[in-house]
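Following: one structure in structure tokens, then a few remarks.
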Amino acid sequence: MELNDWLLALHLLSAFSLVAAMIVFWVGIVVIRRTDLPEQVVAAGRLFPVAAVAVAVGSLGTIIFGIWLAISLDGVAVWSGWVIAAIILWAIGTETGRRGGTYFGTAIDRATESVASGSTAPDAKLAELARTQHGLLLHSISSLAILLILIDMIWKPGA
């Protein structure tokens, strides 16, 4: 195997990590939004640190190995339209995902505090925090950006 083969393999593994993390976050978000019980929110919140590591690995790996590939491969350039589109979508996806996570992190923090104080009763404020429309919108935008990157990488419009 040549260097470019390794770069492509690492780029694809990073993309799988990013998509897997997005799915794990969706599972956690769906669970959190469906309950107002602190213990259930805390349980679902345990998924988030694992997914955050997968996002970090996936985000950094896709951008680093992707740009490296664009520089290394003949017939591909960093200034190609589809590469620039992928970089812009990557920035949108990572930033909206980061911002969306802070909304759900607030709900998880409140649930953790409630459980630590011994309160396991339904909490209206927790339900309000967990059902944040801003967090859901930002995570949806992040997911859409990742989906558009996958489409861009597969069909390479304008290449």
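Residues of the stretch 28-46 being over 20 Å from the mean Cα position of the chain (by Cα) and in a helix (DSSP H, G or I), which ones? Answer for the stretch 28-46, where residues must be over 20 Å from the mean Cα position of the chain (by Cα) and in a helix (DSSP H, G or I): PRO38, GLU39, GLN40. All of ALA91, ALA44, ALA20, ALA56 fail the test of being aliphatic (A, V, I, L, M), closer than 25 Å to ALA124 by Cα and at pLDDT 95 or above, apart from ALA44.
Please indicate, with yes or no, whether at least one residue in the stretch 96-104 is farther than 19 Å from ILE146 by Cα, assigned to a helix (DSSP H, G or I) and touching a residue at least 60 places away in the same chain (Cβ under 8 Å). Among the residues of the stretch 96-104, at least one is farther than 19 Å from ILE146 by Cα, assigned to a helix (DSSP H, G or I) and touching a residue at least 60 places away in the same chain (Cβ under 8 Å), which makes the answer yes.
Can you tell me which residues in the stretch 31-56 are under 16 Å from GLY97 (Cβ atoms), surrounded by fewer than 21 Cβ atoms within 10 Å (Cβ to Cβ) and among the β-branched types (Val, Ile, Thr)? Matches in the stretch 31-56: VAL50, VAL53. Return the total of residues in the stretch 120-131 being more than 12 Å from GLN40 (Cα to Cα) and surrounded by 14 or more Cβ atoms within 10 Å (Cβ to Cβ). So the count comes out to 2.
Considering only the stretch 71-100, how many residues are of a type outside the set (Val, Ile, Thr) and under 11 Å from the mean Cα position of the chain (by Cα)?
7
Go through the residues of the stretch 65-73 one by one and say whether even a single one is under 29 Å from ALA130 (Cβ atoms), of a type in the set (Phe, Trp, Tyr) and either surrounded by 13 or more Cβ atoms within 10 Å (Cβ to Cβ) or in contact (Cβ under 8 Å) with a residue 24 or more places away in the chain (or both). Scanning the stretch 65-73 turns up no residue that is under 29 Å from ALA130 (Cβ atoms), of a type in the set (Phe, Trp, Tyr) and either surrounded by 13 or more Cβ atoms within 10 Å (Cβ to Cβ) or in contact (Cβ under 8 Å) with a residue 24 or more places away in the chain (or both). Being within 24 Å of LEU129 (Cβ to Cβ) and crowded, with 18+ Cβ neighbours inside 10 Å, is that true of even one residue in the stretch 1-8? There is no residue in the stretch 1-8 that is within 24 Å of LEU129 (Cβ to Cβ) and crowded, with 18+ Cβ neighbours inside 10 Å.
The values are calculated or read from the model by the stated rules, or taken from the named source; none is laboratory data. Given the structure is predicted, the values throughout are model-derived calculations rather than measurements. Glycine also receives a Cβ, built like all others from the backbone with ideal geometry; neighbour counts cover every protein chain displayed.
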